[in-house]
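Worksheet: the structure to be examined is printed underneath.
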Amino acid sequence: MNKSGLITKGVGGEYTVVCDDGVYVCTARGVFRNRQITPFVGDHVTIDTNKNSIETIKPRINLLKRPPVANIDQVIVTMAAAQPEFHPGLLDRFLVIAAYENINAIICINKYDLHKGQDFTIPYVQAGYPVVKVSAELSQGLMELKSLMENKLNVFAGPSGVGKSSLINALIPGAKMETGDISSRLQRGKHTTRHAEILTLGAGFCVDTPGFSSLEIENIPIEEISSCFIEFSQFLGQCKFTNCLHYSEKDCAIKDQINKTIHQSRYDSYLNLIKKDPKRR
């Protein structure tokens, strides 16, 4: 018998599929492997309950491959205020990927009780991103974060060690996500989450995903990177040259907005991304 369901977990080629009448553990049909198609957490599928197999994958709204989740409403890009040190370049890469996939992004700064010095979130608030400053350990700011996650499928993404699993444990009593320590030598976290899994959060859902400390954007065409900086959007198309990359060209509407509506640090981050593209070398 065929049923429709949602993949909430995938480990070792076995997928947990939640249907209206219960939960099934299924494998993907061989035809998916032959076509090099992989089911993802968040996929809406049809299954054969007699064979415990995934028969079809319904069209996706969007897809992230790292972390591996489909049909996301918004991504909670999580960084730490300290331990490990805040990394704006890495945050910007996450935000660019989210924008390219048309996924709404919220910036969550965990361990904000450890923050000292200047407020490094100013460029992102100015850009228009919702920014939540929290402490999973002290249960600070969690209600504000939870309210932003209501009625959506949320994915937590960010480098290892910033406290994504700790946040989920604080938001969802009984989640019991494994957490790890920070390497004092490398200032990087241990990879405690080994698979993506959908968890219920009040009226919404959230996904914990494996953390990672680097994020490549080579699949994004260089001419589309500027549109992934949300504060650039209202000025795109106003430059003198239609193929303007907002770098060395004259009469550039984006460059005219630096230190006005566009923060210098965000523009510098944009330049860093396009200069690393082989076409710019």
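Computed from the C-beta positions of residue 116 and residue 203, the FRET efficiency with R₀ = 25 Å rounds to 0.10. With a 1.4 Å probe rolled over the protein heavy atoms of all chains, the accessible area of 35, 60 falls in the order 35, 60, largest first. Between residue 147 and residue 87, what FRET efficiency comes out of the Förster formula 1/(1 + (r/R0)^6) with R0 = 41 Å and r the beta carbon distance, rounded to 0.05? Once the sixth-power term is evaluated, E becomes 0.95. With the crude spin-label approximation of a point 7 Å out along Cα→Cβ, what separation in nm comes out for residue 33 versus residue 260? Spacing of the two 7 Å Cα→Cβ label points: 5.9 nm.
Local charge for residue 240 was computed over the other residues whose Cβ lies under 9 Å away, with Lys and Arg +1 and Asp and Glu -1, and equals -1. Under 16 Å from a label point set 7 Å out along the Cα-to-Cβ vector of residue 19, the amide N atoms of segment 27-63 belong to 27-29, 44-58. Backbone phi angles across segment 226-231, fed through the Karplus curve with coefficients 6.51, -1.76 and 1.60 (θ = phi - 60°), yield HN-Hα couplings of 4, 6, 8, 9, 4, 6 Hz in residue order; Gly and Pro are listed as x. Around the amide H of residue 132, modelled in the peptide plane, lie the amide H atoms of 107, 108, 109, all under 5 Å away and 5 or more residues distant in sequence or on another chain.
The alpha carbons of the chain stretch over 65, 45, 35 Å along the principal axes, in descending order. Think of a 1.4 Å ball rolled over the protein heavy atoms: the chain then has 51 Å² of accessible area per residue. Here the accessible area of the chain is 48 percent carbon and sulfur, with a 1.4 angstrom probe and all protein chains present. In the elastic network of the chain, a GNM with C-alpha springs shorter than 10 Å, the most mobile of 130, 39, 173 is 173. Quick note on segment 23-86: its Rg to Rh ratio, both from C-alpha atoms and Rh being the Kirkwood radius, is 1.15. Around the Cα centre of the chain, unit charges on the Cβ atoms of Lys, Arg, Asp and Glu (plus for the first two, minus for the last two) sum to a dipole of about 660 debye.
If each of residue 250 and residue 4 carries a label point 7 Å out from its Cα toward its Cβ, how far apart are those two points in nm? The modelled label-to-label distance comes out at 5.9 nm. For the chain, the share of DSSP beta bridges that are antiparallel, to the nearest 5, is 60%. Heavy-atom accessible surface of residue 15, to the nearest 10 Å², is about 30 Å², with a 1.4 Å probe and all protein chains retained.
The Cα atoms of segment 99-179 give a gyration tensor whose axes a ≥ b ≥ c have a/c of 1.5 or more with a/b no greater than b/c, which makes the shape oblate. Taking 251, 73 and ordering them by how much accessible surface each has at a 1.4 Å probe, largest first, produces 251, 73. Computed on the chain, with alpha-carbon pairs under 8 angstrom and 6+ residues apart, the relative contact order is 15 percent. Ranking 1, 79, 143 from most to least accessible surface, computed with a 1.4 Å probe over the protein chains only, gives 143, 1, 79.
The values are calculated or read from the model by the stated rules, or taken from the named source; none is laboratory data. Values in this document were obtained by computation on a predicted structure and should not be read as measured data. In this analysis, Cβ positions are derived from the backbone assuming ideal geometry, glycine residues included, and neighbour counts consider all displayed protein chains. All accessible areas refer to the heavy atoms of the entire protein, side chains included, with ligands and DNA or RNA removed. Shrake-Rupley method; radii C 1.70, N 1.55, O 1.52, S 1.80 Å.
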